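What follows is a single structure, written as structure tokens, with notes after it.
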Ligand code: 5GP
């Protein structure tokens, strides 16, 4: 068993962060360092998938649930339109190897494609 990721520790209440939405298998928090007016992270509750490539191969239904939840929170926190970013690999900017989607919304004119 690998060490609990920062997101698992948030889910377990060890690190404080408000869970703003959740489904049976995924949850949403605000990014601690927002890069857009709305910057949320949609995270599978399991940390067994390191990145979106592993998630797509291992549990495509869970990936679909993540996308659906991203749409739901983008509608609740902005106008329902959003950018969905999965940094995949350290050289692409991934720092937490527990797959998560960045939901960027609420006026993206000044925001680059990187999250
Ligand atoms: P990555 O760089 O792996 O694509 O994204 C990880 C994200 O998690 C970063 O945008 C970072 O700001 C966010 N993050 C890291 N630690 C915490 C934390 O303890 N709380 C919250 N809310 N976000 C975090």
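Every read-out reported here was derived from the displayed coordinates using simple, explicitly stated rules and does not represent laboratory data. These numbers come from a predicted model, not from an experiment. A quick note on method: Cβ atoms are made from the backbone with ideal geometry, for glycine too, and the neighbour counts reach across all protein chains shown.
Looking across segment 66-106, just one residue is farther than 20 Å from residue 32 by Cβ, without any contact (Cβ under 8 Å) to a residue 24 or more places away in the chain and either surrounded by 15 or more Cβ atoms within 10 Å (Cβ to Cβ) or in contact with a strand residue (DSSP E or B) (Cβ under 7 Å, 6 or more places away or on another chain) (or both), and that is 71. Residue 94 versus (1) over 20 Å from residue 9 (Cα atoms); (2) in a loop (DSSP other than H, G, I, E, B): which is the lone unmet condition? It is condition (1) that residue 94 fails. Scanning segment 28-81 for residues that are under 23 Å from residue 13 (Cβ atoms), away from the ligand (no atom under 14 Å from the Cβ), in a loop (DSSP other than H, G, I, E, B) and more than 12 Å from the chain's Cα centre (by Cα) returns 46, 48. Residues in segment 1-24 that are loosely packed, with under 15 Cβ neighbours inside 10 Å and more than 14 Å from the ligand (Cβ to nearest atom): 1, 2, 3, 24.
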